[in-house]
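**Q** To start, I am sharing the structure in question, which I have written as structure tokens.
The values are calculated or read from the model by the stated rules, or taken from the named source; none is laboratory data. This structure is a prediction, so every number in the text was calculated from the model and none was measured. So basically every Cβ, Gly included, is an ideal-geometry build from the backbone, and we count neighbours across all protein chains shown. We work out accessible area using only protein heavy atoms, side chains counted, and drop any ligands, DNA or RNA first. Shrake-Rupley method; radii C 1.70, N 1.55, O 1.52, S 1.80 Å.
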Amino acid sequence: KLGWAGHPGFEEMDFSTNQYRVRPVKEGPIWTDMVLREEFSTAEDEESERAFHQVTKFLEPQYQQQTARNVAHRCVDGRSKHTFYGTLGGDFCDFLLCLSVIEEVSGIQFTEDAIARTLVDYLQATEQPFYWHSDKTAMEMLRQVAGLLPKDFCALSSVNPWYHTRLMSAMLSSSACVGCHHLRAILEHTEEFRVRPQLVYGLMTGYLRLYWDPKNPLSGRLIFEVLEGDHNEEALILLRDAGCPPLCPTGLERHSYMVYHMARADTSRAAMATALLTHCQASLGLPTAPDRAAILDGIAARATLHCRLMLQYCHGVPHYQVQKNSGSTPRRGSTCAPDSAGRNWRAICDDERE
């Protein structure tokens, strides 16, 4: 039977259909004893086991329309109907994270114009799509804050240019107008996420100006998705292995999950930072090339921080860690404990812990 990490009955469970194994994961000091007790007291063993098997079923290939090419990096949000690699806030928030670390290492605060030029130079250099999303609720709030009638605001892409400034001001004035919950959390807790609010506003402004410029061919590379429905995700799935395939979070009928391809996102952010340092030094206004190793290390550490904060504001949702199955038999009685760096979690047996 399935228990929670650190409780009797917990074990890694193997399902051989696609060579993955899944385990619940307790992530750092964010999970207090009170939260663990609450999680355990509200679910019977049968319900926990049912939820676990739903997750393993969700990961089976027949429920996933896996595509090998042209798979975008999108937000971990579980409402999307696309197949993708999940990262925290999609390309938008990864770009924001990279810029914030480069600022910190270089000691230079980027201006709004510098951020806009950097986004353009990055898109020209990489030829990659750039993803940002919102949802229906936030878009309706945006319309109301901007003071527009429903007939004047059917979609962000088709709105009359006369209203662009008003919509941009409304989005910058209220986090309720931001539909990406990870980006909203950054806006509402900038000190915890260690991101300057002006950096967020600058990237939002640069993105929207380019998005509303149909004469610029780069605007076609910007993906702005408006998700529908409420957040009814049943679990957060952390995919630790770089070889984990892209997934559709709503691939299993009547079920949805938040999907975070952690290893894939780490690789993507490192590539993004490398492109910024290689092609965008002038647009960022950096007089000399900053320490690339320090920036890459800082981005990895900042991503770990953002993940832990994400786990905090997703505290009511069960978490599962997925890794490639090495073929070894899962060991019973495992618990989760920090490695020597204190950042990642691995399974250890009771005798090993003792």
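**Q** Any idea what the dipole of the range 171-287 comes to, in debye rounded to 20, about its Cα centre with Lys/Arg Cβ at +1 and Asp/Glu Cβ at -1? Please report the intermediate quantities before stating the final value.
**A** Numbers: 10 positive and 12 negative charges, 113 e Å.
For this selection, approximately 540 debye.
**Q** Moving on. Where does each of GLU103, GLU228, GLU112, GLU191 land when they are ordered by accessible area, with a 1.4 Å probe and the largest first? Don't skip to the answer; put the middle values down first.
**A** Values: GLU103 20, GLU228 120, GLU112 80, GLU191 160 Å².
Correct descending sequence by accessible area is GLU191, GLU228, GLU112, GLU103.
**Q** Expressed in nm to one decimal, what extension gain is obtained for the pair ARG292 and ASP113 from 0.36 nm per residue of sequence separation less their Cα-Cα distance? Intermediate results must be reported in sequence, preceding the final value.
**A** Working: separation 179, 0.36 × 179 = 64.44 nm, distance 2.34 nm.
Length gained, ARG292 through ASP113: 62.1 nm.
**Q** If you don't mind, another one. Report the per residue volume, in Å³, of the convex hull enclosing the C-alpha atoms of the range 113-271. Before the final figure, lay out each step's value.
**A** Numbers: hull volume 23.1 nm³, N = 159.
Cα convex hull per residue, to the nearest whole number: 145 Å³.
**Q** Still on this structure, please answer the following. Highest first, please rank the peptides 259-271, 294-306 by the mean number of other Cβ atoms sitting within 10 Å of their residues.
**A** So the peptides 259-271, 294-306, ranked by packing, come out 259-271, 294-306.
**Q** Can you tell me how much longer the chain between SER158 and SER173 gets when fully stretched, taken as 0.36 nm per residue apart minus their C-alpha distance, in nm with one decimal? All intermediate terms of the calculation are to be shown ahead of the outcome.
**A** Details: separation 15, 0.36 × 15 = 5.40 nm, distance 2.18 nm.
Answer, rounded to one decimal: 3.2 nm.
**Q** Let me ask something else about it. Convex hull over the Cα atoms of the range 190-277, averaged projected area in nm²?
**A** Details: hull surface 34.4 nm².
Computing the convex hull of the Cα atoms and averaging its projections yields 8.6 nm².
**Q** Hey, could you get me the Stokes-Einstein D for the range 60-193, Kirkwood radius over alpha-carbon pairs, 25 °C and 0.890 mPa s, rounded to whole µm² s⁻¹?
**A** Details: Rh = 17.0 Å.
Result for D is 145 µm²/s.
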